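The values are calculated or read from the model by the stated rules, or taken from the named source; none is laboratory data. Keep in mind it's a predicted model, so treat the numbers as computed, not measured. Cβ placement follows ideal geometry from the backbone for every residue including glycine, while neighbour counts extend to all protein chains displayed. SASA here: full protein model, heavy atoms, side chains in, ligands and nucleic acids out. Shrake-Rupley method; radii C 1.70, N 1.55, O 1.52, S 1.80 Å.
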Amino acid sequence: THPADAFHAPPPPAVSVSNVAVESLTREGGHDRAALALDLSADLAREFSWNTKQLFAWVAADYATPASPAATAILWSAILEEPADAAFAVERLRAAYPYAVTDRAGELRGRPFNVTVGWSVMPRVGAMRTRSVTFGGFAFPDAYVAPPPKPAAVDADAEEEEEEEEGYEEVAEA
């Protein structure tokens, strides 16, 4: 670390994870795939100093199976370049492509898991440091759970085209 970093020892940031839910647990192509959702609140602004270029923040699910004794699946990540960006709350955070909680051996059912919120402080000068907070006590369901049905999609483009065609016909008839 840089000698000046000794003067910047931020207090622990405020980080919380709540409403953790396994929305689905399915078997796909011989492996298990879980969809998690959670509420995330964090204020990492104190991690910024005169020497901070940016923070890289992430949320991960940590679990173990006989085939994968120490597995981690990233659910979300972001690059935070300003202290104002580092205080945020996300309701119903869900993993989006390319992130997924999967197990090739199909052994997620009934397994415990933790949710870890981590961040790396990338300095302008000196060594990068990483901190994290882990929340435990969660478990995948004992049986497969189908994903909730998706709401019927409204094709806005098709409706717009129909309105344009109707308007054209009215003008053509006049």
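Taking the square roots of 5 times each eigenvalue of the Cα gyration tensor of region 87-157, largest first, gives ellipsoid semi-axes of 31, 23, 12 Å.
The residues PHE138, PHE113, sorted by heavy-atom accessible surface at 1.4 Å with ligands and nucleic acids left out, run PHE138, PHE113 from largest to smallest. The distance separating the Cα centre of region 36-66 from that of region 97-158 comes to 12 Å.
Restricted to Cα atoms, region 49-122 shows a radius of gyration and a Dmax of 15.0, 47 angstrom. Given R0 = 30 Å, the distance between the Cβ atoms of GLU28 and SER49 translates into a calculated FRET efficiency of 0.10. Alpha-carbon geometry of region 1-109: the Rg and the Dmax are 17.2, 53 Å, given in that order.
Of the residues THR116, ALA70, PHE88, the one whose Cα sits farthest toward the positive end of the charge dipole of region 67-125, with +1 on the Cβ of Lys and Arg and -1 on the Cβ of Asp and Glu, is ALA70. Each other residue within a Cβ distance under 12 Å of THR116 adds +1 if Lys or Arg and -1 if Asp or Glu, for a net charge of 0. Taking label positions 7 Å along the Cα-Cβ direction at both TYR97 and GLU82, the computed distance is 3.1 nm, reported to one decimal.
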